[in-house]
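Down below is the structure, laid out as structure tokens.
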Amino acid sequence: MNRVRNHVLISIDAGTIMAGARAVEKALTEEIVRQGLSDEITVLETGSIGATGQGVIIVVYPEGVYYGNVTVQDIPQLVEEHLLKGRLVKRLLLSELPKQHVVTKEKTGLLKEQPRIVLRNSGIIDPENIDEYIAREGYEAIGKAFSLKPEGVIEEIKKSGLIGRGGAGFPTAMKWGFAHNAPGDQKYIICNADEGEPGTFKDRLILEGDPHKLIEGMIIAGYAIGATKGFIYIRGEYSLSIERLEKAIAQARQYELLGDNILESGFSFDLSVMKGAGAYVCGEETALIESLEGKRGHPRLKPPFPAIAGLWHKPTVVNNVETLANIPEIIWRGATWYRGYGTEKCPGTKVYTIIGNVATPGIIEAEMGTTLRDIIYEYAGGIKEGKKFKCALVGGAAGAFLGPDMLDVQMDFANLKEYAAVLGSGAILVMDEDADIVDMLQSVLHFFKHESCGHCVPCRLGTAQLVKVIDRIAASKGIKEDIEKLSNISDVMRDTSFCPLGQSLCLPISSALKYFHDEVYARIPL
Amino acid sequence: MTKEKKLSITIDNRKVAVKPNITILQAAREHNIYIPSLCTLEPLPSYGACRLCIVEVDGLRGFPTSCTTPVDDGMVVRTDTAEIRTLRQEVLKLLLSEHPASCLFCTEHDECKDYQGTIRKVGVTTGCRYCPNDSLCELQTITEKIGLTETSYPVYYRGFPVEKSDPFYDRDYNLCILCGRCVRVCNDIRMNGTLSFKERGKQTTIGAALDRTHLDAGCEFCGACVSVCPTGALSTKVSKWYGKPDGETKTTCVYCPVGCELLLQIKNNETIDVFPNYDSTIDQGLLCVKGRFAIPEYVASPERLATPQRMTPLGYEDISWDDAIDEAAEKLSGINPEDVLIVVSPQLTNEDLFVAERFARELIGTDQIMSVLITDMREETVSFLNLASASSPFNVIDTADTILTIGFDSTYGFTPIGIKIKKAAKAGVNLTTLSVHESNLDIVSGETFQMNVTKWPALLDSIMGKMPGNGKGTKLKPLNKVVVIGAEVIFSPKRGAVFEKIVEMKDRFGWKVIVAHPYTNLMGLLAMGAFPGIKRGEIVSDGTKSTGPAVEDPLSAMDLARHRKVVYLIGEVPFENLPECDFLIYQNALSVKSTRKPDLVLPSSLFTELSGTIISAEGRILPIRKATDPYGKSMPDWQIISKISEKIKSGALKYSSISAIQTDIKKQVKSLSDVKKRLEFRKISAKTSGKGRTGKRLSDPKSSRKPWEEKYRGIALKDVVSGMLVIEERRRHE
């Protein structure tokens, strides 16, 4: 085997592909051959490194140098200067190197470290090569899980205190326990990869960057609850994720990590990828199950809960991608290690999607309990152009607007609840002083009207009325009572809607009015 | 059976004992505690869409819906707090933001209700009457109960065109509140799946997939969706503007031998609509298109005969009943029995048939009581009767492990049987369908055979060959195998060979048989002995093992080619191969177009206008109840026959009431005295007569090549009920 001098990682994800990553990759490979460096330098594809809006990103190891906005024209210079002569191409360096780009636990320069548990391999390994995952201790946790017995696995997860990362904040071990104890000859594990929360794409990073981690998590989950079949219900638009997942599943089957009698354990398990058809409500687990069964994506009546009667009325666990990606690390390194991160009530890390008016938007993984201030100012480089922070919509479209007074609140599932806010999907949309709260609210309400499934009266017609009111206000044609109407309708929806979609709309409305009542009021003509 | 332990719960400070495994709403209703709800309807599964039935439960977060929350021991429920009342009003306001509400909120609301109970023309001008459901509307009731007198949202009219292209019912989705009852009844109760939700969110509406018509989407036109609709969105074409019915009569459908219960809706002495009875033990409310939609138009047909008529050289003239009876009696008295042919419809009541049989045998002295099934079944009449009289009750399907359907389709008839089969198939029972054309059960069957009838006997042989215990002398273990035979085989000219195989399946291999034939009161006809060679009561089993009657081939015994002096049609129309005759008496409800014009016309009343009983295919004695007065001067068939008898021989056959006939029937047919008991029948076998065939052989009637069509008392439903024409055309295309 050749000893390779440099590894050049090119980040291939939905964003970089659009920026021309495939062409750059081709040019890079050709240039390296042309310069006769192919024995010394390997070009590897990897998933997203978490930065957005930086064009095509290339990372050169072992130096750990990041280049952004790389074009085909830059390649000859890059290869000649850096790879041949060992000189940095300063022009292409990500000068304000976003802090989330540090992928190890070691501090590098001034950058704030990220404890990467879920994203440990993302942006480092080739997601299309199972060997690279295995080389990073991948699939070790399966063996350990098999030695623990299903009850032992659930016990370990319980000790770790893992809470589901889908948004509802339900303890994972409890869900597994219900399904494990539920009678049934057939059980299922479903991964909810229908990432539909506006402004959230953290699951995509895992799916594109480290699909085997999810597969390993699902095998362990299946083993724990007694499911022999798993489904990954994935957002239909995530074509690269689907491609990589399917490739990963095929590789895992080839390595007999999926299929009959995995590692001679007597446990058999297989996975299928199912594409969603673009409905926000299918992120709700029972609507997801209906959709998976080929039906219209309406939420189901509860009880019975999926853990008792889910997919085809068999005991079923639905877990989010991020939740499942935590599993192999917890099993392999142990619950005690895991509890070393995060807070007492919510151990571990959280993957955030930071978008909006910040200097470096993207994906970061931070410990539970990290404050909003740290996330914005330490990880995301602060507000763009040095402007003032106005507020952040935290938790997705159905999250709460958090004002400056909330900047220093420790963010985890339990603590935010105290402040009538949610962690939700971990989306953080940051707004600077110039942002318009009415426009923002209008966009949120239009989204909900569009995504209401139509099952129950309050959500179907409440969202429609809310849109009418906010449109009126936005057009400066509202009346004083309209502001009250916004909170009244959303309160009725909270109390009477069928599923969380309609119930949660009161959060953005009440929090927006809490901080910015005057600003909304100013839009009402006198 | 051990008694279920009751749970104790508290609703609105009232301690009540309730069954386990029910919802709070069900518990409240059992104890007459009102909770408003629009989407819930027994026996549909809970849905939780309208959100009006919210309650407060100690220990449960927020406001759970009572229609979806199961009761639990010790539960404390409040159904009517101030907060709940406000929330209900707000939800209802939202609901009404898309439902035309002029009938709900109007300054003249109360006056309107008190003084103008029916639909009025003025509404067309004032614009408040575009809904046919006024005073029947559940939304009106609930708005009143919830105490909403005004709304804060402007009403948005969705502007859908009213869908009128399908037969029987109209759809105005501007009035739809998306409670989903129709979708659930279509999918979960009828197992049909024509209706579903379309679009999403505010755009949600209901209809058939891909915007097809209901006819194209496989709708059975059972009308279940119309019955469950709480608003005026779905309405029956013929009855939609009648307003609220003033009465309801429970009776039995006479269009086929299933014997479904009907709830006739009566207004102003007219049958305007028919509803199913979901509590029925016979049909579970699973009416077919005929029972649901084909009755009002039939009984109110413009072809109804109102007075007796006599043919004159100048055409028909109306005559009095006295004259008509005189004329009939004159033609029939003292006549040689050989010269009379009496034809009865198998769709008459037991009472009619009993009187007709006595009239034929006792007064006229003839055994030749003809019925149309003899010319339909021809040489196979006896084997057909053998199968029909051995028919099993329909619930054998519920416990079957193997079901075979032969030439059976339940789209437009026998729906209670069809739905039972669909349920069984869905539960994993092995279903095989065999037919010439596509059957509606093919979609749920494990194996589907579509082939010519001539190939069926061989296929049935192979099915029988698979059976265990095929060897001679081996004891057969009890089997739960059911074969259902339908119109495609019954009316096939090649039915003989298939019947033989089915008899073999039944007698040798223990298959249970269900015969889906159209002769409503066939069992009553046989029990009353209104059939050549079968005595009154002879075929009704009294529990002993005595064998049933052996009958001669009725078609040759009847010798239809021979000229008669008088033919007396009772509830039947002139048929092909009707013997030539000097005088034709036509006693029926509707006028008939036929080449042989009747000489005397006697108007009969229809089943909605009289009382009586029939015997269903399952052997149940079912009541026909009078709902309206007889049409015009029409009379029940038994009464006309009795009057003619009186003229011929006073006192011989005098009946003045239905109860007198029923008393006689009970006296003479012992096994019919217990109305509750399901009747069993003796086996009818063929008498091998030494005489051989008598009379001329009949020519093959053209009708045997014509496709079979739905008839009542000889008149095709498609000729009387407009929607049935569309259905018949559809059936023929398939």
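The values are calculated or read from the model by the stated rules, or taken from the named source; none is laboratory data. The shown structure was predicted, so the numbers you read here are calculated from the model rather than taken from an experiment. Using ideal geometry, Cβ is built from the backbone for each residue, glycine included, and neighbour counts are taken over all protein chains shown.
Quick rundown of the values:
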{"item": "Search result, residues across the range A:82-94 that are assigned to a helix (DSSP H, G or I) and under 16 Å from A:S38 (Cα atoms)", "result": "A:H82, A:L83, A:L84"}
{"item": "Neighbours by Cβ (under 7 Å, 6+ apart or cross-chain): first from the range B:626-639, surrounded by fewer than 24 Cβ atoms within 10 Å (Cβ to Cβ); second assigned to a loop (DSSP other than H, G, I, E, B) and β-branched (V, I, T)", "result": "B:G632/B:T307; B:K633/B:T307"}
{"item": "Criterion (away from chain A (no Cβ under 11 Å), touching a residue at least 60 places away in the same chain (Cβ under 8 Å), out of contact with any Pro (no Cβ under 8 Å at 6 or more places or on another chain) and surrounded by fewer than 22 Cβ atoms within 10 Å (Cβ to Cβ)) met by exactly one of B:D58, B:D80, B:D110", "result": "B:D80"}
{"item": "Filter pass, B:L178 being touching a residue at least 40 places away in the same chain (Cβ under 8 Å) and within 14 Å of chain A (Cβ to nearest Cβ)", "result": "yes"}
{"item": "Pick from the range A:432-462, criterion more than 7 Å from every other protein chain (Cβ to nearest Cβ) and among the polar types (S, T, N, Q), ranking: surrounded by the most Cβ atoms within 10 Å (Cβ to Cβ)", "result": "A:Q442"}
{"item": "Any hit, the range B:222-237, residues being out of contact with any Phe, Trp or Tyr (no Cβ under 9 Å at 6 or more places or on another chain) and within 14 Å of chain A (Cβ to nearest Cβ)", "result": "yes"}
{"item": "Within the range A:1-43, tally of residues that are touching a residue at least 60 places away in the same chain (Cβ under 8 Å) and either in a helix (DSSP H, G or I) or farther than 20 Å from A:I124 by Cα (or both)", "result": "2"}
{"item": "Condition check for B:A356: touching a residue at least 60 places away in the same chain (Cβ under 8 Å), assigned to a helix (DSSP H, G or I) and more than 30 Å from B:T251 (Cα to Cα)", "result": "no"}
{"item": "Within the range A:420-526, helices (runs of 4 or more DSSP H) holding 2 or more residues that are touching a strand residue (DSSP E or B) at 6+ places or on another chain (Cβ under 9 Å) and hydroxyl-bearing (S, T, Y)", "result": "A:506-521"}
{"item": "Filter result for B:P70 (closer than 16 Å to A:L301 by Cα and surrounded by fewer than 21 Cβ atoms within 10 Å (Cβ to Cβ))", "result": "yes"}
{"item": "Matching residues, the range A:246-302, being touching a residue at least 12 places away in the same chain (Cβ under 8 Å), at positive phi and more than 14 Å from chain B (Cβ to nearest Cβ)", "result": "A:L263"}
{"item": "Count - residues of the range B:591-643 that are outside any strand (DSSP E or B) and under 19 Å from B:S657 (Cα atoms)", "result": "24"}
{"item": "Candidate set: the range B:180-225, residues that are among the β-branched types (V, I, T) and assigned to a helix (DSSP H, G or I); chosen: the one surrounded by the most Cβ atoms within 10 Å (Cβ to Cβ)", "result": "B:V185"}
{"item": "Residue selected from the range A:188-246 under the condition of a type in the set (S, T, N, Q) and surrounded by fewer than 24 Cβ atoms within 10 Å (Cβ to Cβ), by the criterion farthest from the chain's Cα centre (by Cα)", "result": "A:T228"}
{"item": "Matching residues, the range B:604-659, being under 22 Å from B:P245 (Cα atoms) and of a type in the set (V, I, T)", "result": "B:T608, B:I624, B:T628"}
{"item": "Which listed residue is among the hydroxyl-bearing types (S, T, Y) and either at positive phi or modelled with pLDDT of 95 or more (or both), from B:S689, B:S604, B:S656", "result": "B:S604"}
{"item": "So B:L94, is it in contact (Cβ under 8 Å) with a residue 12 or more places away in the chain, out of contact with any Lys or Arg (no Cβ under 7 Å at 6 or more places or on another chain) and under 27 Å from A:P500 (Cα atoms)", "result": "yes"}
{"item": "Positions within the range B:26-52 being more than 10 Å from chain A (Cβ to nearest Cβ), in contact with a strand residue (DSSP E or B) (Cβ under 8 Å, 6 or more places away or on another chain) and crowded, with 21+ Cβ neighbours inside 10 Å, in sequence order", "result": "B:A27, B:A28"}
{"item": "Some residue of the range A:254-266 being in the same structural domain as A:D185 (by TED's automatic domain parsing), under 24 Å from the mean Cα position of the chain (by Cα) and at pLDDT 95 or above", "result": "no"}
{"item": "Verdict on A:S504 being within 14 Å of chain B (Cβ to nearest Cβ) and either buried (at least 18 other Cβ atoms within 10 Å of the Cβ) or not β-branched (V, I, T) (or both)", "result": "yes"}
{"item": "Index of the failed condition, B:D166 passing every other in (1) within 14 Å of another protein chain (Cβ to nearest Cβ); (2) crowded, with 17+ Cβ neighbours inside 10 Å; (3) part of a loop (DSSP other than H, G, I, E, B)", "result": "(1)"}
{"item": "Search result, residues across the range A:431-488 that are in contact with a helix residue (DSSP H, G or I) (Cβ under 9 Å, 6 or more places away or on another chain) and among the basic types (K, R)", "result": "A:K449, A:R460, A:R472, A:K477, A:K480, A:K485"}
{"item": "Some residue of the range B:190-205 being among the aliphatic types (A, V, I, L, M), away from chain A (no Cβ under 14 Å) and within 22 Å of B:V238 (Cα to Cα)", "result": "no"}
{"item": "Residue in the range A:349-370 that is more than 25 Å from A:D491 (Cβ to Cβ), without any contact (Cβ under 8 Å) to a residue 60 or more places away in the chain and outside any loop (DSSP other than H, G, I, E, B) present", "result": "no"}
{"item": "Single residue of B:L698, B:L672, B:L679 found to be assigned to a loop (DSSP other than H, G, I, E, B), in the same structural domain as B:G529 (by TED's automatic domain parsing) and either modelled with pLDDT under 85 or surrounded by 17 or more Cβ atoms within 10 Å (Cβ to Cβ) (or both)", "result": "B:L679"}
{"item": "Test for A:I124: is it over 26 Å from A:S265 (Cβ atoms), outside the structural domain of A:A27 (by TED's automatic domain parsing) and at pLDDT 90 or above", "result": "no"}
{"item": "Qualifying position, being surrounded by fewer than 24 Cβ atoms within 10 Å (Cβ to Cβ) and assigned to a helix (DSSP H, G or I), among B:A425, B:A388", "result": "B:A425"}
{"item": "Qualifying positions in the range B:567-606 - under 15 Å from B:V344 (Cβ atoms) and small (G, A, S)", "result": "B:G571, B:A589, B:S604"}
{"item": "Number of positions in the range B:238-290 that are part of a strand (DSSP E or B), farther than 21 Å from B:S135 by Cα and not hydrophobic (A, V, I, L, M, F, W, C)", "result": "4"}
